[in-house]
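Here the structure is laid out as structure tokens; the discussion comes afterwards.
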């Protein structure tokens with residue numbers, strides 16, 4: 001019964017994640033509450049397994065519908081993989097609480113900028129920038145956000161979407177497609193680390209993954225049907241929820 005309930009949360013997480021990212025807001029807390037017998041590393045590993053497999057489903061759907069510039073995406077993929085694996089290696093040496101005020105401030109800036117720029121991400125048009133700047137932006141986006149995902153994680157998809165809209169002029173639909181691809185890469189890099197450690201609890205991770213995959217499939221369908229305007233609103237809601245969740249979890253630690 002507990003596993004079935006966790007699978008329901010995983011389905012919802014996959015649905016949200018496919019539209020705009022942020023599914024970890026739902027699935028990871030559900031793991032902590034419903035599977036308290038798991039160690040921290042087992043929880044993170046099993047959660048990442050389900051998220052990764054679910055993201056693959058959404059990614060396949062996006063790639064079929066959205067034209068991807070693989071030549072320009074390649075540097076971001078490589079740097080994201082290196083960044084995420086490096087972050088996963090360092091995860092046991094840092095205290096995430098130290099970074100949270102900065103992350104919350106960054107999310108607030110993203111939220112305010114998105115609300116004030118009412119046409120942000122509604123129309124798809126490549127910005128006129130040089131190839132050198134494009135590659136620098138691409139490598140920087142992949143490396144920095146990949147490192148963040150391996151090290152800390154919350155809001156990775158939202159940060160990638162925002163970066164591709166602001167830096168490259170993509171609409172929410174195209175930026176989401178690129179975010180899904182890079183999210184697959186960063187999750188895979190972190191999963192290599194967890195797999196080698198033998199931390200994945202497969203009899204829990206696989207049914208949760210199946211539910212997450214179903215949610216991702218439906219979420220991607222809704223995203224294509226509704227378009228960038230709907231995704232923009234969903235993006236604002238998810239970023240608000242992310243700010244609220246991180247503030248509730250971490251800010252009280254600074255006032256004790």
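The values are calculated or read from the model by the stated rules, or taken from the named source; none is laboratory data. Here the structure is a predicted model, which means the values were calculated and not measured. Please note: Cβ atoms are built from the backbone with ideal geometry, for glycine as well, and neighbour counts cover all protein chains shown.
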Legend entry - Filter pass, residue 48 being assigned to a helix (DSSP H, G or I) and within 23 Å of residue 182 (Cα to Cα): yes
Inset, instruction - Find all pairs meeting these conditions: Cβ atoms under 9 angstrom apart; at least six residues apart or on different chains; first residue within segment 160-177 and on the phi > 0 side of the Ramachandran plot and in contact (Cβ under 8 Å) with a residue 60 or more places away in the chain; second residue buried (at least 24 other Cβ atoms within 10 Å of the Cβ) and part of a helix (DSSP H, G or I). - result: none
Legend entry - Candidate set from segment 71-83 (those that are at pLDDT below 90 and either on the phi > 0 side of the Ramachandran plot or touching a helix residue (DSSP H, G or I) at 6+ places or on another chain (Cβ under 9 Å) (or both)); member that is surrounded by the fewest Cβ atoms within 10 Å (Cβ to Cβ): 72
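Yes or no: segment 119-134 includes at least one residue that is modelled with pLDDT of 85 or more and either under 17 Å from the mean Cα position of the chain (by Cα) or surrounded by 14 or more Cβ atoms within 10 Å (Cβ to Cβ) (or both).
Kept after step one, since they are modelled with pLDDT of 85 or more, are these residues of segment 119-134: 132-134.
Of the ones still in play, those that are also either under 17 Å from the mean Cα position of the chain (by Cα) or surrounded by 14 or more Cβ atoms within 10 Å (Cβ to Cβ) (or both) are 134.
Within segment 119-134, one or more residues are modelled with pLDDT of 85 or more and either under 17 Å from the mean Cα position of the chain (by Cα) or surrounded by 14 or more Cβ atoms within 10 Å (Cβ to Cβ) (or both).
Go through the residues of segment 44-54 one by one and say whether even a single one is within 30 Å of residue 133 (Cβ to Cβ) and in contact with a helix residue (DSSP H, G or I) (Cβ under 6 Å, 6 or more places away or on another chain). Even if it seems obvious, please write down each step before you answer.
Taking segment 44-54 first, the residues within 30 Å of residue 133 (Cβ to Cβ) are none.
Checked segment 44-54: no residue is within 30 Å of residue 133 (Cβ to Cβ) and in contact with a helix residue (DSSP H, G or I) (Cβ under 6 Å, 6 or more places away or on another chain).
Could you check segment 171-200 and list, in sequence order, the residues that are over 24 Å from residue 16 (Cα atoms) and buried (at least 19 other Cβ atoms within 10 Å of the Cβ)?
Within segment 171-200, 193, 194, 199 meet the criteria.
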Inset, instruction - Filter segment 20-45 down to the residues that are part of a helix (DSSP H, G or I) and at pLDDT 85 or above, then identify the one that is surrounded by the most Cβ atoms within 10 Å (Cβ to Cβ). - result: 27
